[in-house]
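The values are calculated or read from the model by the stated rules, or taken from the named source; none is laboratory data. Just so it is clear, the model here is predicted, and its values are computed rather than measured. Glycine also receives a Cβ, built like all others from the backbone with ideal geometry; neighbour counts cover every protein chain displayed.
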Amino acid sequence: MLYYTKQGGDGMPGCHGADGLKTPELKIKICPECGAEVEMFSTDIEIQCERCGYTVYNDIQSCVQWCKYAIQCVGEELYNKLISAAKKTEK
């Protein structure tokens, strides 16, 4: 369920689903190859495991792919990064 709020004074709808994208959160993931802990920010698409070099992917499921306010909400740079990553996973 989406909860819309007014952001700033511009009246643009916003949702709390994008909070982790606008303010990156540090998450600990487990490398599926060697079991080491890997630090990953919520905005990272992928990161290399420091122990074994395996590429660990972030499982970002984002409203950025469908929301008409996505560019205004998260900014053009992050929007392009996330859309590009989503297109790669579709192939």
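Within the range 36-89, take every residue that is small (Gly, Ala, Ser) and in a loop (DSSP other than H, G, I, E, B) and give me the one that is surrounded by the fewest Cβ atoms within 10 Å (Cβ to Cβ).
Step one: of the range 36-89, the residues small (Gly, Ala, Ser) are 36, 42, 53, 62, 70, 75, 84-86.
Those still in the list that are in a loop (DSSP other than H, G, I, E, B) too: 36, 42, 53, 62, 75.
Details: ALA36: 14, SER42: 16, GLY53: 10, SER62: 20, GLY75: 13.
Among those that are small (Gly, Ala, Ser) and in a loop (DSSP other than H, G, I, E, B), it is GLY53.
Considering the range 57-81 alone, what residues qualify as being over 10 Å from the mean Cα position of the chain (by Cα) and modelled with pLDDT under 80?
Result: GLN65, TRP66, CYS67.
Is it the case that TYR54 is aromatic (Phe, Trp, Tyr) and within 17 Å of the chain's Cα centre (by Cα)?
So TYR54 does not fit the description; no.
Anything in the range 1-35 that is farther than 18 Å from LEU82 by Cβ, outside any strand (DSSP E or B) and at pLDDT 80 or above? List them, or say none.
Within the range 1-35, CYS31, PRO32, GLU33, CYS34, GLY35 qualify.
Scan the range 82-91 for residues that are at pLDDT below 80 and either within 16 Å of ASN58 (Cα to Cα) or among the aromatic types (Phe, Trp, Tyr) (or both) and report the count.
6
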